[in-house]
Amino acid sequence: MKRALFLIPLIALAAGCQHTPMATASTPASADSAQTATRWTATGLRDEHPFGGYFVRNNVWGVGPGPQQIWADSHARWGVHADHPATEGVKSYPHAGWEVGRPLHALQTVKSRFAVTVPAAGSYNSAYDIWCEKHAYEIMLWFNWRGKMGPIARSWDATGKPAVEVENVTVGGHTWDIYKGTNGYNVVISFMCTSQTNAGEVDVKAILDWIEARGWFAQGRDVLLDEVQFGWEIADSPGGLDFAVTDFAVEVK
C-alpha cells in the first residue's frame, strides 16, 4: 500500500455475506502448487517473496510503526506477527497479490477467495486492495474490521461518521455500503461488507463493472486493472498480535 489513510470511529454494520466454493482458477489457485520446502520469514519494511506468480509482501509504510515479522509457506498460507503502537494512522498493509495488467474490456473473469484468522484485539481490517489505472484508483473490499478503523469518504459528520455514497448494494456475491473519497494521491472507493466474515469469495470483475457503469472510472471500460491484493491494514497491535491467511487465490481469464 502506498497511501496515507485516516482513522475514524468504528461503524457497526448489519448482516449479509456468504461463502461458497469457487471454481478452479486459470491462474494459480492451489496452495500446494506454490508450497515451498522452507518457510520464508522477513522483517524488512519492504521485503517481499514470489510464490508461483503471486507476491507476498511485508509492506510496512505508515508513520511510527513497531516491529512486524512476516512468514509464508505459500501465497495461500502466510501471516504476520505485528507489534504496532496505538498511535494515529495505519502502520502497514501486509498482503499477497496477483498482478493483472489488463484493461477491463479484455477481462472475462476476475474472482478471488480468502480465509483468515484474526486477533480479538488491536485496530485493523481484513481487506482486498484492488489497484486500477497505475494506482489512480484504489478499490477496497472490507470483510472484517475492529478498533479505530473506518473508510475514506467524501465527508464526515461531527461524530466522525463517514458519508455513504450508496447503501445496501448487492454485487460480486455480497451486500455492501459503499464510500468514495480521496487520500490526496488517488481516488479511494471502499466497499464495506454488511456482514463481517473471515472467509469468502468475491467476483472482482462484477464490482469493477458496477463502478464503471456509475461513471466513476474516467477511462470507462479501458481502465487498467493493475493488481488484486489481499491482507490487513493494521493501525495498532500493541504487545504483538498474530494474523494469518489460511487460503487465498485469484482467478483471471
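See the values below:
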quantity: From Ala76, Ala86, Ala96, residue being modelled with pLDDT of 95 or more, among the aliphatic types (A, V, I, L, M) and surrounded by fewer than 17 Cβ atoms within 10 Å (Cβ to Cβ); calculated: Ala86
quantity: Filtered residues of segment 52-91 (kept if within 21 Å of Thr117 (Cα to Cα) and either in contact with a helix residue (DSSP H, G or I) (Cβ under 6 Å, 6 or more places away or on another chain) or of a type in the set (D, E, K, R) (or both)); calculated: Arg57, Asp73, Ser74, His75, Arg77, Asp83, Lys91
quantity: Unique match (being without any contact (Cβ under 8 Å) to a residue 24 or more places away in the chain, crowded, with 18+ Cβ neighbours inside 10 Å and in a strand (DSSP E or B)) among Ile139, Ile189, Ile178; calculated: Ile178
quantity: Selected residue (criterion: surrounded by the fewest Cβ atoms within 10 Å (Cβ to Cβ)) from residues of segment 207-245 that are within 20 Å of Val100 (Cβ to Cβ) and among the aromatic types (Phe, Trp, Tyr); calculated: Trp216
quantity: Filter result for Val202 (in contact with a Gly (Cβ under 8 Å, 6 or more places away or on another chain), buried (at least 22 other Cβ atoms within 10 Å of the Cβ) and of a type in the set (A, V, I, L, M)); calculated: yes
quantity: Segment 196-212 residues that are of a type outside the set (Val, Ile, Thr) and at pLDDT 95 or above, paired with ones that are in a helix (DSSP H, G or I) and crowded, with 18+ Cβ neighbours inside 10 Å (beta carbon under 6 Å, 6 or more apart); calculated: Leu208/Leu104
quantity: Complete set of residues in segment 131-155 that are over 25 Å from Lys253 (Cβ atoms) and within 15 Å of the chain's Cα centre (by Cα); calculated: Trp142, Asn144, Trp145, Arg146, Met149, Gly150, Pro151, Ile152
quantity: Phe114 being in contact (Cβ under 8 Å) with a residue 24 or more places away in the chain, of a type in the set (A, V, I, L, M, F, W, C), over 25 Å from Gly181 (Cα atoms) and in a strand (DSSP E or B); calculated: yes
quantity: Residues that are over 30 Å from Gly64 (Cα atoms) and assigned to a strand (DSSP E or B), drawn from segment 204-246; calculated: Leu224, Leu225
quantity: Selection within segment 63-100 - small (Gly, Ala, Ser), closer than 27 Å to Cys132 by Cβ and free of Cβ contacts under 8 Å to residues at least 60 places away in the same chain; calculated: Ala72, Ser74
quantity: Every residue from segment 62-73 that is more than 27 Å from Thr38 (Cα to Cα) and surrounded by fewer than 17 Cβ atoms within 10 Å (Cβ to Cβ); calculated: Val63, Gly64
quantity: Every pair of residues 6+ apart whose Cβ atoms lie under 6 Å, when the first sits in segment 242-253 and is more than 14 Å from Phe51 (Cα to Cα) while the second is outside any strand (DSSP E or B) and of a type outside the set (S, T, N, Q); calculated: Phe243/Val118; Glu251/Ala25
quantity: Residues satisfying the stated conditions in segment 223-253, i.e. of a type in the set (D, E, K, R) and under 20 Å from Ile130 (Cα atoms); calculated: Asp226, Glu227, Glu233, Asp247, Glu251, Lys253
quantity: In segment 105-127, residue farthest from the chain's Cα centre (by Cα) [restricted to those that are closer than 19 Å to Glu251 by Cα and among the polar types (S, T, N, Q)]; calculated: Gln108
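Okay, residues lined up against (1) acidic (Asp, Glu); (2) more than 17 Å from the chain's Cα centre (by Cα):
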| residue | (1), (2) |
| --- | --- |
| Asp129 | yes, no |
| Ala163 | no, yes |
| Asn168 | no, yes |
| Gly181 | no, no |
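The values are calculated or read from the model by the stated rules, or taken from the named source; none is laboratory data. As the structure is a prediction and not an experimental result, all values here were calculated from the model. Ideal geometry is used to build each Cβ from the backbone, glycine not excepted, and the neighbour counts take in all protein chains shown.
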